[in-house]
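The values are calculated or read from the model by the stated rules, or taken from the named source; none is laboratory data. This structure is a prediction, so every number in the text was calculated from the model and none was measured. Note that we place each Cβ from the backbone using ideal geometry, even for glycine, and neighbour counts take in every protein chain shown.
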Amino acid sequence: MPKGIHETLGPLGHGLQLTLAMTALGFAGALLLGLVLAVCRISPVPPLRVLGTGYVTVFRNIPLLVLLVLFVFGLPVVGLRFSLFGTVTLTMALYWAAFVCEVVRAGIRTVPLGQAEAARALGLTAGQSLRFVILPQALRSMVQPLANVFIGLALGTSLAAAVGVSEMTGQAELTTLKYDEPLTSFAVTTVVYVLITLTSGLIAGRIEKKVAIRR
């Protein structure tokens with residue numbers, strides 16, 4: 001067994017906890033904000049459509065690493081101070097919300113227009129139609145794309161190491177410097193990322209089957 005492997009697994013385990021926490025919180029935030037942005041983009045109110053479109057255009061065309069640097073080092077300059085973990089998680093949520101927005105918008109477009117018209121005929125408000133009629137049907141086409149966003153976010157957390165967060169990749173770098181065994185640290189890290197990706201894909205596949213229309 002390579003020297004220092006026991007000392008390596010401990011820090012990597014702590015880094016994994018941070019990675020999973022950032023992924024879960026970041027995706028939850030991206031999901032909520034992305035849904036709001038999608039509603040703005042399909043809204044009949046022009047200012048809301050402009051706001052939603054502008055947000056998506058800006059955030060989808062800026063590299064995540066650039067955003068992380070801007071938020072981590074820029075927010076304190078304007079007087080907004082959060083923990084490093086909180087700042088990175090917030091940045092992840094803001095960035096990936098733009099992608100969630102497009103997934104939700106595309107999913108809504110798959111629902112026939114007649115469904116919305118029928119909901120209005122029944123006396124449902126726009127919000128009720130969206131909540132009870134359109135989104136439940138749109139979900140069927142959104143599962144796999146949302147899973148892809150989740151996987152992208154999970155893998156994107158590795159960039160947090162560049163701004164000082166000791167998540168899994170950051171811990172792998174630190175243990176490499178300490179024990180001079182990059183193969184062990186990054187081999188374990190690679191396996192964990194693959195497991196996260198495969199597990200997410202399998203869960204998404206099961207969910208997709210459950211919400212699929214039985215014919």
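Of the residues that make up region 179-189, is at least one β-branched (Val, Ile, Thr) and touching an Asp or Glu at 6+ places or on another chain (Cβ under 9 Å)? For region 179-189, residues β-branched (Val, Ile, Thr) and touching an Asp or Glu at 6+ places or on another chain (Cβ under 9 Å): absent. The condition of being touching a helix residue (DSSP H, G or I) at 6+ places or on another chain (Cβ under 8 Å) and either exposed (fewer than 12 other Cβ atoms within 10 Å of the Cβ) or under 19 Å from LEU153 (Cβ atoms) (or both) holds for only one of LEU130, LEU51, LEU124, LEU84, that being LEU84.
Output yes when any residue across region 34-41 is more than 27 Å from SER141 (Cα to Cα), among the hydrophobic types (A, V, I, L, M, F, W, C), surrounded by 14 or more Cβ atoms within 10 Å (Cβ to Cβ) and in contact with a helix residue (DSSP H, G or I) (Cβ under 6 Å, 6 or more places away or on another chain), and no when none is.
Narrowing region 34-41 to residues more than 27 Å from SER141 (Cα to Cα): none.
No: region 34-41 contains no residue that is more than 27 Å from SER141 (Cα to Cα), among the hydrophobic types (A, V, I, L, M, F, W, C), surrounded by 14 or more Cβ atoms within 10 Å (Cβ to Cβ) and in contact with a helix residue (DSSP H, G or I) (Cβ under 6 Å, 6 or more places away or on another chain).
Looking across region 110-121 at every residue that is surrounded by 10 or more Cβ atoms within 10 Å (Cβ to Cβ) and over 32 Å from the mean Cα position of the chain (by Cα), the one that is modelled with the lowest pLDDT is identified as GLU117.
Of the numbered conditions (1) touching a Ser or Thr at 6+ places or on another chain (Cβ under 6 Å); (2) without any contact (Cβ under 8 Å) to a residue 60 or more places away in the chain, GLY201 fails exactly one; give the number of that condition. Here GLY201 meets the rest and fails (1).
ALA106 meets each of the listed conditions (1) touching a helix residue (DSSP H, G or I) at 6+ places or on another chain (Cβ under 8 Å); (2) assigned to a helix (DSSP H, G or I); (3) free of Cβ contacts under 8 Å to residues at least 24 places away in the same chain; (4) farther than 27 Å from THR19 by Cα apart from (3). Residues considered: THR169, THR175, THR125. Of these, the only one that is closer than 16 Å to LEU20 by Cα and over 16 Å from the mean Cα position of the chain (by Cα) is THR169.
Every condition in (1) surrounded by 20 or more Cβ atoms within 10 Å (Cβ to Cβ); (2) modelled with pLDDT of 90 or more; (3) not charged (D, E, K, R) holds for GLN171 except the one numbered (2). Within this structure, PHE150 passes the test of being part of a helix (DSSP H, G or I) and modelled with pLDDT of 80 or more.
For region 2-82, please list each of the helices (runs of 4 or more DSSP H) lying entirely inside it that holds at least 2 residues being under 21 Å from GLY127 (Cβ atoms) and modelled with pLDDT of 90 or more.
Values: elements: 5-42, 46-60, 64-74.
Passing ranges, in order: 5-42, 46-60.
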